[in-house]
Amino acid sequence: MKKENNYAGGLSNYIVLKEEKEVIFYLHNPYPDCLEIPDIMKQRFPSDYKSIVVNSLDEFKKYGGKV
């Protein structure tokens, strides 16, 4: 599992898992911020990447995220 943390712009708490082609977003209160995720995914990631939203800090930290 190769991780890439990115904290630039928009929804800043996310982790990219390149091998799994997943982007893990941490949103304490997902709505309405979650509405921006499709645009972020289109702009920053290939079309075969999928997004996952977690609202548990413990779960986000399992992926190596830092808030």
* Asked: Has region 34-43 got at least one residue that is assigned to a helix (DSSP H, G or I), surrounded by 13 or more Cβ atoms within 10 Å (Cβ to Cβ), without any contact (Cβ under 8 Å) to a residue 12 or more places away in the chain and not aromatic (F, W, Y)?
  -> no
* **Of all residues in region 35-56 being of a type in the set (S, T, N, Q) and more than 11 Å from V23 (Cβ to Cβ), the one that is nearest to the chain's Cα centre (by Cα)** => N55
* To do: Could you please give the count of residues in region 16-30 that are within 12 Å of V53 (Cβ to Cβ) and either outside any loop (DSSP other than H, G, I, E, B) or at pLDDT below 85 (or both)?
  => 8
* Filter region 21-59 for residues that are touching a helix residue (DSSP H, G or I) at 6+ places or on another chain (Cβ under 7 Å), over 11 Å from L11 (Cβ atoms) and not hydrophobic (A, V, I, L, M, F, W, C) and give the result. => Y49
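The values are calculated or read from the model by the stated rules, or taken from the named source; none is laboratory data. Model, not experiment: these values are computed from the prediction. Cβ sites come from the backbone with ideal geometry, for glycine too, and all protein chains shown count toward neighbours.
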